[in-house]
Amino acid sequence: MTDHEQQQPAPTRGKILDALTRAERATFTRPAPKSATAQVKYLLTRMKNSTKDLAERLGVSRRTVERYRAGQIKTPQKKLQAALVEETESEWQPQVRAQARERAATSGGMHVECTAYFGFTANGSSDDGRERFISTPIAPAYAAQILQLQEQGATDDDLHPIVAEAITESYFTEWGTRAAGLRADFTHVSSLNIQF
């Protein structure tokens, strides 16, 4: 392993992907299991009762999974607790999540709230960018693009231009009724919230 490979930071999820995940989870109609025992039992049902597969997914031993299932251990360490919550919520209510995504992509669109640095380009001139808080709906066509790219494994960098275009369309050009040719880019996103 080279020095360069050793110094590379672990990949992190970006703000857009995190916001999409939170938006999906906000559509849950029932709360996900909270106790470690209930989470392990639920995950085992999703993995066809394979303690080996669940142990690999959580990064623990098979015996640890069996102990949680039996209720012999009830309080996981922080790393395992975070993994249990993440894995449980990522599997919880798949039909509800799919319906919410379908609704956003076909009729409802999304609503975006973000605080970011926005810069503009229009017809050969430019405005100095500045940090703004923007709250705006996104059309279903853009929502469909964003969700499709997310399913295909897109990164935050891949999603940024589409989200910027969607915000430009709805907020700055008001669906093409003003500021023709305006293009807005956003960087330095300090907060981002998406709702389906």
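The values are calculated or read from the model by the stated rules, or taken from the named source; none is laboratory data. The structure presented is a predicted model; accordingly, all values stated were derived computationally and were not measured. Every residue, glycine among them, receives a Cβ derived from its backbone with ideal geometry; neighbour counts consider all protein chains shown. Keep in mind that these areas ignore ligands, DNA and RNA; they rest on the heavy atoms of the full protein, side chains included. Shrake-Rupley method; radii C 1.70, N 1.55, O 1.52, S 1.80 Å.
Taken one residue at a time, the phi angles of the stretch 149-160 give Karplus couplings (6.51, -1.76, 1.60, θ = phi - 60°) of 5, 4, 5, 7, x, 4, 8, 4, 4, 5, 7, 3 Hz. Gly and Pro are set to x. In the context of the full set of protein chains, residues of the chain present 60 Å² of accessible surface per residue (probe radius 1.4 Å, heavy atoms only).
Taking the longest Cα principal axis of the chain as reference, the axis of helix 15-25 is set at about 60 degrees. Were the residues from K41 through F28 laid out at 0.36 nm apart, the gain over their Cα-Cα distance would be 2.8 nm.
The local environment of A55, defined by Cβ-Cβ distances under 10 Å, has a net charge of +1 under the rule Lys, Arg +1 and Asp, Glu -1. A simple rule links phi to the HN-Hα coupling: the Karplus curve 6.51 cos²θ - 1.76 cosθ + 1.60 with θ = phi - 60°, which for the stretch 74-83 gives 10, 10, x, 5, 4, 5, 5, 4, 4, 5 Hz, with x for Gly and Pro. As a length-normalised measure over Cα pairs under 8 Å and 6 or more apart, the relative contact order of the chain settles at 26 percent. Using the Cβ-Cβ distance between R103 and R178 with R0 = 41 Å, the FRET efficiency computed as 1/(1 + (r/R0)^6) comes to roughly 0.90. A DSSP coil position with no more than 16 other Cβ atoms inside 10 Å describes the following chymotrypsin sites (Phe, Trp or Tyr not before Pro) in the stretch 19-110: F28. Evaluated with a Cβ-only charge set (Lys, Arg +1; Asp, Glu -1), the chain carries a dipole of roughly 1480 debye about its Cα centre, given to the nearest 20. Overall shape: prolate for the chain, with the ratio a/c of the largest to smallest alpha carbon gyration tensor axis at 1.5 or above and a/b above b/c. Per residue of the chain, the DSSP helices (runs of n ≥ 4 H) give a summed -39500 (n - 2.57) that works out to -14000 deg cm²/dmol at 222 nm.
Accessible surface of the chain, 1.4 Å probe: 48 percent of it comes from carbon and sulfur atoms. When you filter the trypsin sites (Lys or Arg not before Pro) in the stretch 55-154 for DSSP loop state and at most 13 other Cβ atoms inside 10 Å of their Cβ, you are left with K74.
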